[in-house]
1. Has segment 50-63 got any residue that is surrounded by 15 or more Cβ atoms within 10 Å (Cβ to Cβ), among the polar types (S, T, N, Q) and not in a loop (DSSP other than H, G, I, E, B)?
2. Search segment 45-65 for residues that are at negative phi and among the acidic types (Asp, Glu) and pair each with any residue that is at pLDDT 95 or above and away from ligand 2 (no atom under 16 Å from the Cβ) when their beta-carbon atoms are under 8 Å apart and the residues are at least 6 apart or on different chains.
3. Take segment 235-254 and flag every residue that is open to solvent by less than 40 Å² (accessible area, probe 1.4 Å) and not in a loop (DSSP other than H, G, I, E, B).
4. Does any residue of segment 64-78 turn out to be assigned to a loop (DSSP other than H, G, I, E, B) and closer than 27 Å to residue 158 by Cβ?
5. Can you find a residue that is surrounded by 13 or more Cβ atoms within 10 Å (Cβ to Cβ), more than 16 Å from the chain's Cα centre (by Cα) and within 9 Å of ligand 1 (Cβ to nearest atom) anywhere in segment 26-41?
6. Tell me which of these residue 187 doesn't satisfy, since it passes every other one: (1) in contact with a helix residue (DSSP H, G or I) (Cβ under 9 Å, 6 or more places away or on another chain); (2) within 30 Å of residue 151 (Cβ to Cβ); (3) open to solvent by 30 Å² or more (accessible area, probe 1.4 Å); (4) away from ligand 1 (no atom under 16 Å from the Cβ).
7. Please pick out the residue among 121, 88 that is open to solvent by less than 70 Å² (accessible area, probe 1.4 Å) and at pLDDT 95 or above.
8. What pairs come up if the first residue lies in segment 208-234 and is in contact (Cβ under 8 Å) with a residue 12 or more places away in the chain and part of a strand (DSSP E or B), the second is hydroxyl-bearing (Ser, Thr, Tyr) and buried (at least 19 other Cβ atoms within 10 Å of the Cβ), and their beta carbons are under 7 Å apart, counting only those six or more places apart or on different chains?
Amino acid sequence: MLKINNLHCKVEAQDGAEKFILNGISLEVPAGEVHAIMGPNGSGKSTLSYAVTGRDGYEVTEGSINFNGEEIGDMAPEERAARGLYLSFQYPVEIPGVPTLIFLKEALNAQRVARGEAEVSAPDFMKLARTKAKQLSISMDMLKRPVNVGFSGGEKKRLEILQALILEPKFLILDETDSGLDIDALKVVADGVNTLRAPDRGMLVITHYQRLLDYIKPDVVHILAAGRIVKSGGPELAHELEAEGYDKYIGEAA
Ligand code: ADP
Ligand code: MG
Ligand code: MG
């Protein structure tokens, strides 16, 4: 479903210098599978998610990103989103003045319009939002507040999952959706991810820690260090990392 081949990516730092962050990443996530990306801070995990979703400033200099048989490496972010790619950010943005429900409805309609589908009606959207919010124990009161403004860490993560439940993406990338969560919020995220698991949907779960993977059983774990995948294996790889740390992989990558 997602096929990344020899991906190189650079950014231009604020001082104008070029910084090469991804140094030849190859990765294949078939439909129905959940792959975890683990790695030390600064190894390029977020950059990988930005390169795949097409964030401005993250330039692919070599390699390819194939999604459902289509090359997407040169597409605008919204074209990739219209094809069903969804990225949940490590640091969700606050949008003062925009009620969360309006934001979610606009996001859904933008996607539908980009696909040539009709917009969802207000009553239909409210029905959908109520059903999905209930599933995540999110109150409608919270959804009337501006996007993420004054939300707790756990509430922000719940909203990321709610957005995914409403948009029904074909492929999800979750970038450290577990960071800063207490155990209850962690379980909400994990339940949400497990709910979204489907034979026709793929997922890439980026995490620094193994504990989220106790609740989401990944099919494959990849270790990223210094912009390269240095090892791939089964779920046991996450436990090995928890015990031994990243040190030996950092050395290997260097
Ligand atoms: P991770 O998510 O694994 O912690 P990142 O992908 O965020 O790592 O960052 C990888 C490296 O690239 C880091 O050294 C980071 O400082 C650098 N980097 C990422 N984005 C930029 C940017 N826009 N400008 C300069 N350096 C960047
Ligand atoms: Mg980081
Ligand atoms: Mg990151």
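1. Yes, segment 50-63 contains at least one residue that is surrounded by 15 or more Cβ atoms within 10 Å (Cβ to Cβ), among the polar types (S, T, N, Q) and not in a loop (DSSP other than H, G, I, E, B).
2. Close Cβ pairs (under 8 Å, with a partner that is at pLDDT 95 or above and away from ligand 2 (no atom under 16 Å from the Cβ)) amount to 59/10; 62/6; 62/7; 62/8; 62/24.
3. Residues of segment 235-254 that are open to solvent by less than 40 Å² (accessible area, probe 1.4 Å), as a first pass: 237-238, 241, 245-246, 249, 253.
Scanning segment 235-254 gives 237, 238, 241, 249, 253.
4. If we filter segment 64-78 for residues that are assigned to a loop (DSSP other than H, G, I, E, B), which is where we start, we get 68-69, 72-76.
After this cut, where a residue has to be closer than 27 Å to residue 158 by Cβ as well, the list is none.
No: segment 64-78 contains no residue that is assigned to a loop (DSSP other than H, G, I, E, B) and closer than 27 Å to residue 158 by Cβ.
5. Yes: one or more hits.
6. Going through (1) in contact with a helix residue (DSSP H, G or I) (Cβ under 9 Å, 6 or more places away or on another chain); (2) within 30 Å of residue 151 (Cβ to Cβ); (3) open to solvent by 30 Å² or more (accessible area, probe 1.4 Å); (4) away from ligand 1 (no atom under 16 Å from the Cβ) one by one, residue 187 breaks only (1).
7. The unique qualifying residue is 121.
8. Close Cβ pairs satisfying both conditions: 223/249; 224/43; 225/43; 225/246; 225/249; 230/249; 231/249.
The values are calculated or read from the model by the stated rules, or taken from the named source; none is laboratory data. All values derive from a computational prediction rather than experimental measurement. Please note: Cβ atoms are built from the backbone with ideal geometry, for glycine as well, and neighbour counts cover all protein chains shown. When the accessible area is computed, the model is the full protein with side chains, heavy atoms only, and any ligands, DNA or RNA have been set aside. Shrake-Rupley method; radii C 1.70, N 1.55, O 1.52, S 1.80 Å.
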